[in-house]
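What follows is calculated from the coordinates using simple rules that are stated; it is not laboratory data. Just so it is clear, the structure is predicted and the values come from calculations on it, not from any experiment. Neighbour counts are summed over all protein chains in view; Cβ atoms, including those assigned to glycine, are modelled from backbone coordinates with ideal geometry.
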Amino acid sequence: MKIAVLKEAAGETRCAAIPETVKKFVALGAEVAVEKGAGAGASIADADFTAAGAKVGSRKDVLKGAGIILAVDGPDPASLKDAKKGALLIGALDPVRRRNAIDGYASAGLDALAMEWMPRITRAQSMDILSSQSNLAGYKAVVEAADVYGRAFPMMMTAAGTVSPAKVFVMGVGVAGLQAIATAKRLGAQVSATDVRSATKEQIMSLGAKPIFVENVAGIEGEGSGGYATEMSREYQKAQAELVSGHIAKQDIVITTALIPGKPAPRLISDAQIATMRPGSVIVDMAADAGGNVEGTVSGKNVEKHRVTIIGAANLARSLAADSSALFSRNIYNLLAAFWDKEQAKPVLPDDDEIVKGIRLTQGGKVVNERLSAA
Ligand code: NAD
């Protein structure tokens, strides 16, 4: 079995393999071919891949005869014309927004697997790119906020007087939010956090932060279905807006991470609420790509409103390319290793497996995923 690792398009710094996963694939009996320069953005030289047992070559060379193609972002189907029919294409394929490309993979006879549609089950935790990348992004959001903020995070008692600790409020306590809380705590901030899922209250407290929750209208019980939130009732939204208005004026840094699968991100902070914040405060909107939790957010840009900086954070994991590539490529390795059949020396993906059903988009020239056929 030959595994091809593609060089990503401009703007993507990550790589779908690292020398460690190359070695592990070789140990499974596979042959690995890495496109020249694929690791550059993640500080991995071609020679590092060669030393791990891979061959390095052009896209045409690496695709030739490959049964598995690995990428971080979904490649343009036209760039895969040298791939063989029936090859597995594995990456963050962004199935809904790149529907045309998915159709392109089907017509090329590729079996595309979308890593971001990994089901949230215990068995698949080690294969979950949303968790591995969000965790790093949550950390980076706090570091970016600290960089822009014109004051310090920790309390400092100095001979020239006391520096007060920054007050950080995290809205949305999933994987990114939890890491943002932990990072802000490590930097010495006073941290509070909110979510709509009641199970997060204990998680917030276990990190030493203060939970700020809507009390008079019921939120989502426990973890929520599959760990996901749904759109909240008007009554809840109103109560949440009042709660936020009371709290936000006293905060220096706000990190928003709230997402609802298949829907635009919920609006959590209005322009009027931003106007109540102290000049110099910083908001990091990690939902910027999904429409934003904050009024006025521009994805990929910093904008200033009422002397508050709003960072429209887009794909922060890319700015930690070495770590994010390592975790991403281990997620892919864990998937392939779990289904690897030693005798056939290739992965065997049973049609009735929950993971396979979740991530398989195309097979035998057709789009086969229920979520895409329903769309
Ligand atoms: P997410 O990215 O879908 O959403 C981020 C957070 O925003 C969630 O906590 C959500 O409840 C919250 N949110 C949504 N609407 C909100 C609103 N109006 N106000 C405030 N907050 C709002 O979530 P995520 O980071 O992917 O993870 C959510 C949960 O799923 C976590 O508990 C995580 O541990 C779990 N999870 C489990 C697995 C697994 O078992 N394999 C994998 C991934 C995540």
*Take the chain, connect every pair of alpha-carbon atoms lying under 10 Å apart with a spring to form a Gaussian network, then pick out the residue of Arg120, Arg360, Arg99 with the largest mean-square fluctuation.*
Arg99
*Using alpha-carbon positions, what is the distance between the centroids of region 10-33 and region 173-223, in Å?*
36 Å
*asked:* Skipping prolines and chain starts, which residues have an amide H placed within reach, meaning under 5 Å, of the one on Leu88, given they are 5 or more residues away or on another chain?
replied: Ile68, Ile69, Asp111
_Amide H within-cut-off set for Asn302, under 5 Å, with H built and near neighbours excluded_ = Gly312
*Selection from Asn334, Gly364, Ala321, by position along the positive dipole direction of region 320-375 (Cβ)*: Ala321
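With charges set only on the Cβ (+1 for Lys and Arg, -1 for Asp and Glu), what does the dipole of region 64-145 come to about its Cα centre, in debye to the nearest 20? Spell out each step's value before the answer.
Working: 10 positive and 9 negative charges, 42 e Å.
Dipole size: approximately 200 debye.
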*Name all residues of region 283-318 having a backbone nitrogen under 18 Å from the label point set 7 Å from the Cα of Val143 along its Cα→Cβ direction, giving them as ranges.*
284-286, 311-318
*Can you bin region 19-128 into rounded, prolate or oblate? Criterion: square roots of the alpha carbon gyration tensor eigenvalues sorted a ≥ b ≥ c, rounded for a/c under 1.5, prolate for a/b above b/c, oblate for the rest.*
oblate
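Taking a quarter of the surface of the convex hull around the Cα atoms of region 100-219, what do you get in nm²? Don't skip to the answer; put the middle values down first.
Values: hull surface 46.6 nm².
Convex hull of Cα atoms, orientation-averaged projection: 11.6 nm².
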*Ordered by residue, what ³J(HN,Hα) values in Hz, to whole numbers, does region 337-345 give under the Karplus form 6.51 cos²θ - 1.76 cosθ + 1.60, where θ = phi - 60° and Gly and Pro are x?*
5, 5, 10, 6, 9, 4, 5, 7, 6
_Under the Karplus curve 6.51 cos²θ - 1.76 cosθ + 1.60, θ = phi - 60°, whole-Hz ³J(HN,Hα) for region 258-275, x wherever Gly or Pro sits_ = 6, 9, 10, x, x, 10, x, 4, x, 7, 10, 10, 8, 4, 5, 5, 4, 4
*Angle, helix 175-186 long axis vs. longest principal axis of the chain, Cα atoms, 0 to 90°, nearest 10?*
50 degrees
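Quick one: in the chain, what % of C-alpha pairs are over 28 Å apart? Walk me through the numbers on the way to the answer.
Numbers: 34187 of 70125 pairs.
Everything past 28 Å amounts to 49 percent.
Mind putting a number on the dipole of region 196-301 about its Cα centre? Charges go on the C-beta only, +1 for Lys and Arg and -1 for Asp and Glu, and I need it in Debye to the nearest 20. Walk me through the intermediate numbers first.
Details: 10 positive and 12 negative charges, 34 e Å.
Roughly 160 debye, rounded to the nearest 20.
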*Hey, which of these cross-link pairs are over 24 Å Cα-Cα: Lys36/Lys357; Lys140/Lys210; Lys64/Lys357; Lys23/Lys140; Lys7/Lys55?*
Lys36/Lys357; Lys64/Lys357; Lys23/Lys140
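Sum -39500 (n - 2.57) across every DSSP H segment of at least 4 residues in the chain, then divide by the residue count to get the 222 nm mean residue ellipticity, nearest 500. Don't skip to the end; give the middle numbers.
Numbers: 12 runs with 118 residues, N = 375.
So the calculated ellipticity at 222 nm is -9000 deg cm²/dmol.
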_Selected from Asn100, Gly74, Val56, residue furthest toward positive end of dipole (region 35-104; charges at beta carbon)_ = Asn100
*If a/c stays under 1.5 just call it rounded; otherwise compare a/b with b/c (prolate if a/b is bigger, oblate if not). Do that for region 315-358, with a ≥ b ≥ c from the square roots of the Cα gyration tensor eigenvalues.*
oblate
_Tell me the angle of helix 234-248 to the major Cα principal axis of the chain, expressed in degrees between 0 and 90 and rounded to the nearest ten._
70 degrees
*Does region 267-314 classify as rounded, prolate or oblate by the C-alpha gyration tensor (a ≥ b ≥ c root eigenvalues; a/c under 1.5 gives rounded; else a/b over b/c gives prolate, otherwise oblate)?*
oblate
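Treating only the Cβ atoms of Lys and Arg (+1) and Asp and Glu (-1) as charged, compute the dipole magnitude of the chain about its Cα centre; round to the nearest 20 debye.
Values: 43 positive and 40 negative charges, 92 e Å.
Dipole of the chain, to the nearest 20 debye: 440 debye.
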